[in-house]
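Input: a single structure, listed below in structure tokens.
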Amino acid sequence: MPRKLRPITGTHLFQRERCSRWVWLDFHEDPARKLPPDAAAAARMAQGRRHEREIVAKLDVVEPHYPANDFEAGERATRELMGSGAPLIYQGVLLGEHRVGKPDLLRRADGGGTPRYLLGDIKASSRAKLEHAMQLAFYADLLAASQSDGPKTAFLLLGDGREERVQLDDVEPFYREAAAEVEAMRERRHEPRAAFHVHCHGCAWRGVCLPELEARGDLSLVHGISPARREALEEVGVHNIAQLACIEPAQLAARTELPRETLRRLRLQARALLDRAPHRLAPLPWKAARIAVAAEFARHPIRGHVAEFLAYRTIAAGNGFQEQWIHESAQNPEEEGPAYRRFLSSLSLDRDAPIYHFGAELPDTLAQLDARHGKLNDPLPQVFARLHDVQVGIRSSLVLPILRYDLDRVAQALLGTAPESVEPHSAETDDQSPQIRRALAERILLVRRVRLAAARAWQSDGAASSAVSVSPEGTVASAPAAAGLQDSP
Amino acid sequence: MREPLLRYLQRERLAERRYERELRALSLAERVECGEALAGLSVVSQGGGRITVAMSEHSAKFREGDVLWLGDGVRIEEGLPVRLVRYDGAARQLHLELDGREEASPLRAGRELVLDRRSMDLAERFALAVEDVYTKTNHPIALCLEGKLSTDDDEAVRREAEIDGFRRGLDRTQAAAFARAFARPKLHMIQGPPGTGKTRLLAEILSACAERRERVAVVAYTHRAVDQVLVRAAQRTDPRLVWKLDSSRSEAPELAAAGVRRTTSAERGASTGPAIVGLTTHAACRAADRATFDRVVFDEAGQIPLPHAVGAMRLGPRWLFVGDHAQLPPVVAGEHAEEWRASIFAHLVERYPSTMLETTYRMNSGICDFPSRAFYAGNLKPSAEASSRRLALAPGGRFRDVLDPQRPAVLVEVPHRGAAMRSRREAAIVAELSIELMAHHRLPAEELAVIAPFRAQGMAIREELERRAAIRGFRPASWPLVETVERIQGREREVVLISLASSDPEWLAEQTDFYFSPNRLNVALTRARTKRILVASPLAFRVRARTLEDVPALSVFAALYRETPRIDGASVEKEIEVDG
């Protein structure tokens, strides 16, 4: 007996911004094949739920009461509350044809006459994202059926306590395109292809997609191959990783719009997967220094401000090194500025020591902190000049047999360690500082180990251990990597 | 505001130094590749503090006014400190002058030379100016920046000046702007969208100032912008009143031809009688310690950083800012919060009423329509004469669909994928269209321009132009301008082709600030008078925003795609193939 097709919800519009295939699978795949969220996703969801509870507890809301999953009854109850002019409705139900929306908040917009409502959602994130706006546009579309016209603005209550307005007119063209695609997917008029990307490892459908991609050695598994590049390569007969590993970059550059150097790099990446070993590209960009610092920040999971500032300073001494931890913390947003300034001052004491980090988050956060709290004669420019992104350095110097260059996978390739499991922040405790600090310290130490391992890998033949491998037939699997660092042709 | 202004200057200086250090760490080939060096130069002439060098191609990012090192490309700072005065594209020569030195030893003939970027540390001068303003309580400049000045018109003055404006042949909004320049007690801003006669209006204002026996300083960011205003001013008033404050030794033939004299003295003409003195923001900051004027007029104020304007504002008590914050903003090297990256013009229009010139004399209706709605709330309209202008074509020829004069703006859709900064397919189409316009339709190369977002695409287009012209036996006397947006602001052509180059939405999503900047798009779309041909992959318009901040800019691009008539690029390619 065919399964009843699910209605379209705000979640579909949200997820479509991340992965269209998720939306397709949610409509048409057996839900029993969904996997539980991984630890990081579970932690984020718990944080989101807790944030929402905290916010709602401070608001004077009413909720529609209806039997579980009886959304028609839910809509009737919601409309009664709206008709009676309830100021703030939590988890109201809006229906359309094959569509169900449950905005977190319906807030009466006072203007006299028939009550009109604005839509809002509560988000743990401290930044308003397009996915959030898509959900709100979806709810606005449903609400337009009952108001003479849909609301032009909506609002988000964000993780750092701010309310941000969303201009729905701005996102309208994008919403219409997204809604049409979701509709087409639901009706099987459009089936998007699976492709590997950053969200895959936490996705509920990873048990469906990843084995398919791995079985055929899909090109999207190769770091640096976007959907457009995948199609460009397929147009010229390159369909999987094994074939990519055998291309002639000069010939293919003449037949595609991909530059020869890009194709060379992609071929190397494919070969690294095939050979189960790293390849050298260019010397590592950082030099040995007597004093080195590794630094990271962590945000408060609920309040969104930068709560922990941590750096690990090592000084070469004899055959070993001395170490020192530099730490500042901010329990609440008001303490963020002073903590930032003290941390900056500590970092600036070693004028020439490189400061290592992994990924763009640290410099981006520094720029945000400067915008909020910066003063004249801050040593920030000096600190900026000393930053070295270990992720960028490794990507410019080594091609590793991994699918993505995040810290866990780079560590796996260079150190042979399995990805660290993230212990979810407890949703019930208020003071999460010790947990956050410990996780941060572990990350900093891992970044340092990865950096040193990259330097050794560049210099010697003893190299990676665990990695992803690709068989000659093109199938991908995790396997112990062979030793041997290979020079790039 | 003192602290953010000083912090901006400090950060800019440090960013420039850091950038210079990073450049020095690159090899010559790498510096040339990224456009920060020009190699293979040979001396053509040297003397009187001036040096002319020949080059094969100006592929660097250098612009007129930039300060550079001329040397061997290895011991960079042992080279000669020079300033780039003029780029002669036809002769493939660069005219330089020594900077801070009178003479140099003769450069050996036959020696290959390299030009490298040199940083100019002027931050301290600007910082002193900021301190000067903020050490005084309620300094008028501080009040101006904080939005506290009155902008009430003197109605009698305004009416009389408006009549004067009409008498001078100004149109309605030009006359209104002219009137407010005199009716507002201290401050006015005039927004001049593309082709609205801003320079002409400025010349009339300066002429009127001279008639009122005012001493006026005209300030702009570059020498070229200053010179343009002074030449026009000299055509409208007694040239003997017009001066350029300039310590350069280079000839300035346009100024000389207009009768504008040059002086190294800031006090020139400021003691008695009217005078119009042009100077760059850098020179103005220095001059403000020694000279005062009745009025300070800023041109291209949309490109003057806020702290740089503060220095020049000290030249006088009344300020007129002319610019357009919908076109290119200031070039900023460092990390700053958004509000401090703004120009003086953008800063002030948020705080005070301004006048926008609403009639463009450049673009026909088909070219003007989209930019007007997207960037000027529909308020920019072509004049009657400009509106009906159409590209004149010879009978016959290829690509009639694309070149159709009755469709002034078209998009040639080229179905390529995966390209980042360069598309050979687009370069080929642009080259063939250009050759057809020049060879068959006799469009002078000087009336044609090609705009590309990346230097790599510009180079690919130039290569294709030369290669395909050679195949067709076409030898033009000169080549059309092929430039990035930054180097084309202020210019116009009968026909403009725009090659967007990219077709990788995921890659483009990382470039939104640059690639999808509404200001850059505005400049690109408003250079043409009668025909604008966009050549692009549909994938360039299918980028998903990552943040809500990106949505407005991406919306404009999406609207451009929807509203521009599209032509199948594959059919254009077929026409090229069939033609051999």
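Overview of results
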{"read-out": "Rg/Rh for segment A:79-216, where both radii come from Cα atoms and Rh is the Kirkwood radius", "value": "1.05"}
{"read-out": "Total formal charge among the other residues, if their Cβ is under 10 angstrom from that of B:Leu279, Lys/Arg +1 and Asp/Glu -1", "value": "+1"}
{"read-out": "Candidates per GluC sites (Glu not before Pro) in segment B:482-550, loop by DSSP, up to 13 other Cβ within 10 Å", "value": "B:Glu510"}
{"read-out": "Protection-proxy order for peptides B:437-446, B:282-291, B:391-400, each taking the mean of Cβ atoms within 10 Å per residue, highest first", "value": "B:282-291, B:437-446, B:391-400"}
{"read-out": "Kirkwood hydrodynamic radius of segment B:386-536, from inverse mean 1/r over distinct Cα pairs, in Å", "value": "15.6 Å"}
{"read-out": "Quarter of Cα convex hull surface for segment A:251-358, i.e. mean projection, nm²", "value": "11.9 nm²"}
{"read-out": "Among A:Leu142, A:Ser126, B:Ala257 - extreme Cα towards positive end, dipole of the protein assembly as shown, charges at beta-carbon", "value": "B:Ala257"}
{"read-out": "Kirkwood Rh, Cα atoms: Rg over Rh of segment B:532-574", "value": "1.06"}
{"read-out": "Dipole magnitude of segment A:41-183, debye to nearest 20 (Cβ charges: Lys/Arg +1, Asp/Glu -1, about Cα centre)", "value": "520 debye"}
{"read-out": "The protein assembly as shown: translational diffusion in µm²/s, Stokes-Einstein, Kirkwood Rh over Cα pairs, 10 °C, 1.306 mPa s", "value": "49 µm²/s"}
{"read-out": "Number of partner chain Cβ atoms within 10 Å, mean per residue of B:71-82", "value": "0"}
{"read-out": "Approximate spin-label separation B:Asp152-B:Ala257, in nm, with each point projected 7 Å along Cα-to-Cβ", "value": "4.9 nm"}
{"read-out": "Kirkwood-based shape ratio for segment B:329-428, expressed as Rg/Rh from alpha carbons", "value": "1.10"}
{"read-out": "Efficiency of FRET from Cβ geometry, B:Glu466 and B:Thr264, R₀ 56 Å, rounded to 0.05", "value": "0.80"}
{"read-out": "When the convex hull of its Cα atoms is projected in every direction, mean area for segment B:476-580 (nm²)", "value": "8.2 nm²"}
{"read-out": "Taking A:Ser125, B:Ser503 and counting other C-beta atoms within 10 Å, the order from fewest to most", "value": "A:Ser125, B:Ser503"}
{"read-out": "Nearest-0.05 FRET efficiency for B:Ser247 and B:Glu486, computed from C-beta distance (R0 25 Å)", "value": "0.45"}
{"read-out": "Ranked A:Leu119, B:Leu560, A:Leu403, criterion: other C-beta atoms within 10 Å, fewest first", "value": "B:Leu560, A:Leu403, A:Leu119"}
{"read-out": "Dipole of the protein assembly as shown [Lys/Arg +1, Asp/Glu -1 at C-beta], most positive-end residue of A:Val93, B:Ala275, A:Ala360", "value": "B:Ala275"}
{"read-out": "Relative packing of peptides B:170-178, A:341-349, A:241-249, B:202-210 - highest average C-beta neighbours within 10 Å first", "value": "B:202-210, B:170-178, A:241-249, A:341-349"}
{"read-out": "Summed residue charge, Cβ within 15 Å of B:Ala225's Cβ, Lys/Arg positive, Asp/Glu negative", "value": "0"}
{"read-out": "Segment A:192-315: radius of gyration and largest Cα-Cα distance (Dmax), Å", "value": "19.7, 54"}
{"read-out": "Distance (nanometres) between label positions extended 7 Å along Cα→Cβ at A:Ala360 and B:Ala394", "value": "5.0 nm"}
{"read-out": "Whole-Hz couplings from phi, Karplus 6.51/-1.76/1.60, listed for segment B:63-71; x for Gly and Pro", "value": "10, 4, x, 5, 9, 9, 9, 10, x"}
{"read-out": "For chain B, calculated [θ]222 nm from helices alone, where every DSSP H run of n ≥ 4 adds -39500 (n - 2.57)", "value": "-10500 deg cm²/dmol"}
{"read-out": "Check: chain B dipole with +1 on Lys, Arg Cβ and -1 on Asp, Glu Cβ, in debye", "value": "860 debye"}
{"read-out": "Pairs of alpha carbons in chain B whose separation is greater than 42 Å (percent)", "value": "23 percent"}
{"read-out": "Where N is the number of residues in segment A:1-135, Cα Rg divided by 2.2 N^0.38 Å", "value": "1.17"}
{"read-out": "Cα-based reach from A:Lys4 at 27 Å (exclusive), listing lysines while leaving out same-chain residues under 8 positions away", "value": "A:Lys34, A:Lys102"}
{"read-out": "Distance-filtered residues of segment B:321-360 - backbone nitrogen under 20 Å, label point 7 angstrom along B:Phe514 Cα→Cβ", "value": "B:327-338, B:341-342"}
{"read-out": "Stokes-Einstein translational diffusion, chain A - Kirkwood Rh over all Cα pairs, 1.567 mPa s, 4 °C, in µm²/s", "value": "51 µm²/s"}
{"read-out": "In Hz, Karplus ³J(HN,Hα) per residue of segment B:296-309 (6.51, -1.76, 1.60; θ = phi - 60°; x = Gly, Pro)", "value": "10, 10, 9, 9, 6, 5, x, 10, 9, x, 3, x, 5, 5"}
{"read-out": "Of B:Ala469, B:Ile344, A:Ser346, farthest towards positive along the dipole that unit charges on Lys, Arg, Asp, Glu beta carbons give the protein assembly as shown", "value": "B:Ala469"}
{"read-out": "Debye equation applied to the C-alpha atoms of segment B:15-90, log10 I(q)/I(0) at 0.14 Å⁻¹", "value": "-0.46"}
{"read-out": "Chain A, relative contact order in percent, only Cα pairs under 8 angstrom and at least six apart counted", "value": "15 percent"}
{"read-out": "For segment B:160-315: relative contact order, % (alpha-carbon pairs under 8 angstrom, 6 or more apart)", "value": "25 percent"}
{"read-out": "Per residue, the convex hull volume that the Cα atoms of segment B:149-291 enclose (Å³)", "value": "120 Å³"}
{"read-out": "Karplus-derived HN-Hα couplings along segment A:78-88 (A = 6.51, B = -1.76, C = 1.60, θ = phi - 60°), whole Hz, x at Gly and Pro", "value": "5, 5, 5, 5, 5, x, 7, x, 4, x, 8"}
{"read-out": "Residues A:Lys123, B:Lys61, sorted so that the one with the fewest Cβ neighbours within 10 Å comes first", "value": "B:Lys61, A:Lys123"}
{"read-out": "A:Ala316-B:Arg475 pseudo-label distance in nm [points 7 Å out on the Cα-to-Cβ vector]", "value": "6.3 nm"}
{"read-out": "Averaged over B:407-419, number of beta-carbon atoms from partner chains that fall within 10 Å", "value": "3"}
{"read-out": "A:Glu323-A:Asp60 FRET efficiency (beta carbon distance; Förster radius 45 Å; 0.05 resolution)", "value": "0.30"}
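FYI, it's all coordinate maths here, none of it is from the lab. Not measured: the values here are computed from a predicted model. A quick note on method: Cβ atoms are made from the backbone with ideal geometry, for glycine too, and the neighbour counts reach across all protein chains shown.
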